[in-house]
1. Considering segment 299-334 alone, what residues qualify as being among the polar types (S, T, N, Q) and without any contact (Cβ under 8 Å) to a residue 60 or more places away in the chain?
2. Considering (1) closer than 21 Å to Glu281 by Cα; (2) without any contact (Cβ under 8 Å) to a residue 24 or more places away in the chain, say which one Ser26 fails and leave the rest.
3. Have a look at Ile183, Ile208, Ile179, Ile195 and point out the one that is of a type outside the set (Phe, Trp, Tyr), open to solvent by 50 Å² or more (accessible area, probe 1.4 Å) and modelled with pLDDT under 90.
4. Output the qualifying pairs, or none if there are none: Cβ atoms under 9 angstrom, residues six or more apart or on different chains, first residue in segment 365-382 and more than 16 Å from Ala303 (Cα to Cα), second residue among the polar types (S, T, N, Q) and open to solvent by 50 Å² or more (accessible area, probe 1.4 Å).
5. Which condition does Gly207 not pass, out of (1) within 22 Å of Ala315 (Cα to Cα); (2) small (Gly, Ala, Ser); (3) more than 19 Å from the chain's Cα centre (by Cα), if it passes all the others?
6. Determine whether segment 30-50 contains at least one residue that is among the β-branched types (Val, Ile, Thr), closer than 28 Å to Pro270 by Cβ and under 21 Å from the mean Cα position of the chain (by Cα).
7. Taking segment 265-289 on its own, how many of its residues are assigned to a helix (DSSP H, G or I), in contact (Cβ under 8 Å) with a residue 12 or more places away in the chain and under 25 Å from the mean Cα position of the chain (by Cα)?
Amino acid sequence: MLVSLKKYFKGDPVIWMVILLLSIFSLLAVYSSTGSLAYRFQGGNTSYYILKHATILFMGLVITYVTHLVPYKYFSRISQLLLYFAIPLLLVTLVYGVNRNDASRWLSLPGLSLTFQTSDIAKLAIIMYTARILAKKQDNIKDFKEAFRPIIIPLLLVCALVFPANFSTAALIFATAFILMFIGRVHLGYLFGLIGIIVVVLGIVIGIALSHKWEGRYSTWQKRIESFMNRDEGTDGNYQVDQAKIAIVRGGLVNLRPGKSIQRNFLPHPYSDFIYAIIIEEYGLIGGVVVLILYLYLLFRAAVMVRKSSRTFPAFLAIGLAVMITFQALINMAVAVNLMPVTGQPLPMISMGGSSLLFTCVALGIIQSVSRGIKNQQETAEQLSREQIATEQISPEDEQEIHN
């Protein structure tokens with residue numbers, strides 16, 4: 001059976017196992033955390049949301065499988081096209097997007113009653129594009145005009161368009177691209193200079209927002225930061241975090257109570273932003289650590305690909321996407337355990353389905369495509385090496401002697 005699976009599922013088998021385990025955690029946690037939602041909006045039909053989520057998750061896994069069959073070299077060109085597509089979408093979203101909680105993050109598909117976050121397309125596009133430019137400019141990687149400027153202009157444009165409605169996603173995109181540029185040997189002076197400029201600009205924006213008492217998302221960010229800083233004072237803004245803490249305490253060290261969460265009835269968005277707290281409540285701290293290890297191991301396997309790859313583009317592509325997924329997971333977990341202010345980042349591959357889940361599946365498929373390509377290169381190199389050794393070892397004189 002394993003031989004049959006390896007025939008159809010190429011790439012890193014460990015990453016396939018990580019994807020499978022995260023999918024199982026997702027189904028169990030979403031089913032448990034959507035009970036109160038079902039009673040409020042679906043007349044108590046608890047199977048409605050899990051079936052919907054399972055359908056999206058299945059679609060995502062199919063996308064992962066199909067994507068991993070595409071040779072990774074095609075993603076270099078696709079990254080350009082995707083970026084040209086994503087930037088206008090972000091502009092349209094800011095002007096005409098669906099507004100929820102003072103944030104225009106979503107676009108509605110006409111006639112389908114479906115919405116998706118355009119930032120999910122943008123963050124995938126910009127990381128792929130950054131990997132492309134880093135690979136193409138390695139000979140002039142220290143040059144500002146040749147290497148740094150082609151990366152930083154689209155990166156800052158994407159972050160600026162995402163920032164007004166989704167600060168945490170803009171920060172995630174920038175941090176991932178920054179690490180990728182550091183790995184790609186971009187001049188450190190340019191990188192730290194960029195950090196200094198962004199700190200100054202953010203300081204000016206924050207100062208203006210505070211002095212003019214801006215409403216909307218700026219007011220929301222201020223309240224979240226104040227609630228985080230005053231977390232020990234029992235403020236009303238800490239309600240989400242307080243409920244998450246109760247869930248974590250109820251989980252204890254070792255637990256196994258799938259479907260028996262109590263805090264899912266009190267915790268806002270237990271199926272997305274705070275699903276990690278529900279996992280700990282039902283599976284204990286050990287269960288939470290297992291989920292954490294799965295993401296970290298995904299990052300480790302991507303690092304192994306970098307070491308094995310003989311080409312720069314697949315190495316940058318795999319590690320960039322793995323860093324993005326892992327960072328997003330760590331941010332979600334840090335919010336759930338009150339190490340960071342509330343951000344609204346879903347837990348990749350686990351939170352209830354949507355565009356974030358689907359684009360995470362695309363990213364995982366690309367990582368597996370890189371793994372498949374590296375394996376094919378290694379097998380080809382080994383085959384050529386064996387043929388060369390066989391040719392060199394048996395000379396015409398040896399062949400005549402063997403014949404005699």
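The values are calculated or read from the model by the stated rules, or taken from the named source; none is laboratory data. Please read these numbers as outputs of a predicted model, since none were measured by experiment. Backbone-built Cβ (ideal geometry, glycine too); neighbour counts: all protein chains shown. Protein only, heavy atoms only, side chains kept; ligands, DNA and RNA dropped before computing areas. Shrake-Rupley method; radii C 1.70, N 1.55, O 1.52, S 1.80 Å.
1. Answer for segment 299-334, where residues must be among the polar types (S, T, N, Q) and without any contact (Cβ under 8 Å) to a residue 60 or more places away in the chain: Thr326, Asn332.
2. (2)
3. Ile208
4. Gln377/Ser310; Gln378/Ser310; Ala381/Ser310
5. In the conditions (1) within 22 Å of Ala315 (Cα to Cα); (2) small (Gly, Ala, Ser); (3) more than 19 Å from the chain's Cα centre (by Cα), Gly207 misses (1) alone.
6. Initially, segment 30-50 is screened for residues among the β-branched types (Val, Ile, Thr), giving 30, 34, 46, 50.
Retained after the next criterion (residues that are closer than 28 Å to Pro270 by Cβ): 30, 34, 46, 50.
Filter again for under 21 Å from the mean Cα position of the chain (by Cα), leaving 30.
Scanning segment 30-50, I find at least one residue that is among the β-branched types (Val, Ile, Thr), closer than 28 Å to Pro270 by Cβ and under 21 Å from the mean Cα position of the chain (by Cα), so the answer is yes.
7. Looking only at that region, the number is 14.
Yes/no matrix, rows are residues, columns are (1) more than 25 Å from Ala329 (Cβ to Cβ); (2) at pLDDT below 75; (3) open to solvent by 100 Å² or more (accessible area, probe 1.4 Å):
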{"site": "Leu364", "(1), (2), (3)": "no, no, no"}
{"site": "Ile374", "(1), (2), (3)": "no, no, no"}
{"site": "Glu379", "(1), (2), (3)": "yes, no, yes"}
{"site": "Ser385", "(1), (2), (3)": "yes, yes, no"}
{"site": "Gln388", "(1), (2), (3)": "yes, yes, yes"}
{"site": "Ser395", "(1), (2), (3)": "yes, yes, no"}
{"site": "Asp398", "(1), (2), (3)": "yes, yes, no"}
